[in-house]
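Report on the following structure.
The values are calculated or read from the model by the stated rules, or taken from the named source; none is laboratory data. This is a predicted model, so every value here is computed, not measured. FYI the Cβ positions are ideal-geometry reconstructions off the backbone, even for glycines, and counts take in every protein chain you see. Note: accessible area is taken over every heavy atom of the protein model, side chains too, but ligands, DNA and RNA are not part of it. Shrake-Rupley method; radii C 1.70, N 1.55, O 1.52, S 1.80 Å.
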Amino acid sequence: MGVARGLGIFAGTLVILGAGIYGPVTLVGPLPTASVTALPASAPDAASVPPALPTTGASAVTEAPDTAPLAVAGTPDAVPMAGITKTITALVVLDAKPLVDGAPGGTVPITSDDYLNYVDYRDAGTRTVTVYTEDQWTQREMLQALLLGSSNNHADTLARWAFGSTEAYVEAANAWLVENGMTETTVVDATGLDEASVGTAKDLSRLAALALTNPAISSVLAEPVTGLPSRRGITNTTTYLPEQQVVGISRSYTDAAGICLLFAGDVTIEGVSYRFYGAFLRQPDWDTLETAVTGVMESARAGVTPTPVLAEATPVVSFTTAWGDSANGISGASPARLRWRAATPEIDVKTDEVTSAGTGTKVGSISVVDGSTSARTSLTLDGALTDPGVFWRLSHPIPVIGALIDSLND
């Protein structure tokens, strides 16, 4: 209670007592409103089958680019990420030079430097797609070569085309990573051949979500190779275990990185589709990777369930009256969505001014944000806040008269 308000109530009490109207005021005047205390957010029910991640290497899965991982396993450290680096290249270039879904985009000329770059990569035995001086590639064709063909020479050419030099690209890419919350991931090149281009599985699972929610990248990954790239013999290196409903984004290997996979997994539960995103790094061999991916898909099909955004009758606040009654404000029904090991939702409660009220009375509203889902539901009492009666009113003049003064000031 503020000093000024306390003095006002004291003075008001003296006036009322002096005027001889103490009894009527206290018997019919308004009651003080109940105090409201937020209750600790309850942890969500644990999934019966959590994400099954391998103990080898580093791995993580997430639901969206802006949510915490559903699960992380293996080393938490940043490790070499091989061709996953090219997914960063694609996103950073698209950030600088957006490409409308289905459009060819700008023209990327192949210079003599680009051709010599191709020859160097080819002679070193790394992945390339053939180019010739004075070729004219569209931006979309470049992305096909970069993403589907995992072409190292196209990674460098795109970086130079968008930023003037690979050095300028590297600077822009690291700034982009920080802006997008991937602060434990760093690139020193556009290809990932340099083992100093490193990332954590946690960051890169979010990268997978960013990639597949970008219309240009998702369409390139989903459509057949067309145009000039098809005449240069590109084969899709990203497809992996489609029978398991896996959507490959990048599949690569270097001696430093081991086998790396950036992917999404799709499951259908009760006719509704659910997608999660993942990164597996430093897998020692292809059999281990296949076992790991099959395991996480099986755990998704068993663990993803339709659950409400906030369970009905969850206590979120407590109401306490000046005369000692108390009751919880509980949530009403909210829509269900498919989820897997859900995080504790963010809850914003708006309460009405409550003095006395019966069980089930609506006393406010709740806004809930759970990942990418938001909902509103009612706030009701799980018990009664009763009128304190005549004796309490007569024996507690200050809170009653304080409520009267507050009501006159409203």
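Confirm whether residue 347 is crowded, with 16+ Cβ neighbours inside 10 Å and modelled with pLDDT of 90 or more. Spelling it out, it is not the case that residue 347 is crowded, with 16+ Cβ neighbours inside 10 Å and modelled with pLDDT of 90 or more. More than 26 Å from the chain's Cα centre (by Cα) and modelled with pLDDT of 90 or more, is that true of residue 367? In short, no. Scan the stretch 335-348 and tell me whether some residue there is of a type outside the set (Asp, Glu), touching a residue at least 24 places away in the same chain (Cβ under 8 Å), part of a strand (DSSP E or B) and farther than 30 Å from residue 53 by Cβ. No, there is no match, as no residue in the stretch 335-348 is of a type outside the set (Asp, Glu), touching a residue at least 24 places away in the same chain (Cβ under 8 Å), part of a strand (DSSP E or B) and farther than 30 Å from residue 53 by Cβ. For residue 378, indicate whether it is in contact (Cβ under 8 Å) with a residue 40 or more places away in the chain, hydroxyl-bearing (Ser, Thr, Tyr), touching a strand residue (DSSP E or B) at 6+ places or on another chain (Cβ under 9 Å) and not in a loop (DSSP other than H, G, I, E, B). Yes, satisfied.
Selection of the stretch 251-272 for residues being open to solvent by 10 Å² or more (accessible area, probe 1.4 Å) and in contact (Cβ under 8 Å) with a residue 60 or more places away in the chain yields 251, 252, 253, 254, 256, 258, 269, 272.
I'd like to check something: does the stretch 382-390 contain any residue that is part of a strand (DSSP E or B) and open to solvent by less than 60 Å² (accessible area, probe 1.4 Å)? Scanning the stretch 382-390 turns up at least one residue that is part of a strand (DSSP E or B) and open to solvent by less than 60 Å² (accessible area, probe 1.4 Å).
Just one of the numbered conditions (1) in contact with a strand residue (DSSP E or B) (Cβ under 8 Å, 6 or more places away or on another chain); (2) open to solvent by 10 Å² or more (accessible area, probe 1.4 Å); (3) not acidic (Asp, Glu) is not true of residue 319: (2).
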